[in-house]
Every structure is written in structure tokens, then in C-alpha cells.
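Just so you know, all these numbers are worked out from the coordinates, no wet-lab data involved. Since the structure is predicted, the reported quantities are computational estimates derived from the model, not experimental observations. No Cβ is skipped: glycine too gets one built from the backbone with ideal geometry, and neighbour counts run over all protein chains shown.
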Amino acid sequence: MRGQNQMFDFSAFQDGATAFLLAFVVAGLFTIAFKYIYQWVTPYNEKALIRAGNVSAAIALAGALIGYALPLASALSHTVSLPEFAAWATVAGIVQIAAFTGVRLLALPDVKARVENNEISIGVYLAGISIAVGVLNAACMTS
């Protein structure tokens with residue numbers, strides 16, 4: 001606090017809270033959209049697998065969500081407008097989906113069977129790739 005006689009500035013708080021709420025809701029909506037698009041792109045049904053107790057699918061999906069949220073956080077910190085944030089959120093989703101698709105096509109053509117067979121190692125591997133891509137993606141958005 002700058003001065004001890006300074007009172008709480010409710011108007012400034014209200015402006016900040018409104019901006020926070022808008023950013024949080026928009027980021028949440030982008031995250032939900034990413035989750036559904038990501039699940040549509042993967043060759044296995046995460047929803048059914050996770051409901052059946054498949055830990056590998058849960059780990060892989062959690063890693064993808066974390067890997068997507070990292071660049072969203074960076075974009076929220078470094079953008080100055082909602083349209084700019086939306087553009088970076090879209091880029092982040094495309095990069096995550098491209099990374100999964102590249103891994104699936106080039107390195108792990110048997111990923112569907114391995115996730116469906118609940119191989120924990122493949123879930124951890126996919127999560128690790130998603131998170132690593134997300135960290136790099138977030139760092140690239142800071143310049």
C-alpha cells in the first residue's frame with residue numbers, strides 16, 4: 001500500500017474484477033473447445049475410456065489440457081485485447097493438435113491400441129509431449 005490513509009478503491013477493483021472475469025470465462029471457453037476438438041482428433045474415445053477407468057487415456061488428456069493451458073496463461077499475460085488473445089489461443093490449439101498428430105503418424109502409429117490397452121507409459125509419454133510443447137509454445141508467445 002502506498003499510503004496508510006489510502007482507502008480501498010472499489011471502482012478500480014470493479015474494473016479489474018470485470019476484466020478478470022471476462023478473461024477467465026473466455027479462456028475457459030477456449031479450453032472447453034480445445035478439449036472437444038482434441039478428443040475429436042484422437043483415434044480413441046477418451047470419454048468412454050476414462051469412464052471405464054483407463055488411466056492412460058486420462059493421463060494423456062490431462063497432459064493435453066495442461067499443455068494447452070500453459071500458452072493460454074502466457075497469452076493472457078502478454079496480449080492487450082480479446083481478439084489478440086483469441087488469435088493466440090487458436091494458435092496454441094493448432095500447435096497442440098499438430099504435435100499429437102505428428103507423434104501419432106510419425107513415432108507411434110500404434111497409439112490407439114496402446115491407449116485402449118491402458119498402457120500407462122504411453123499416456124505419460126503423450127502427456128509429457130503435450131506439456132513440453134505447451135511450455136515451448138508459451139515461451140514463444142512472450143517475445
Requested in this report: Evaluate the distance, in nm, between pseudo-label points positioned 7 Å from the Cα of Ala52 and of Thr18 along their respective Cα→Cβ axes.
Outcome: 5.0
Query raised in the report: Only one of the listed values, [x] 1.13; [y] 1.29; [z] 1.60, was derived from the coordinates as Cα Rg over 2.2 N^0.38 Å; which label is it?
Result: [y]
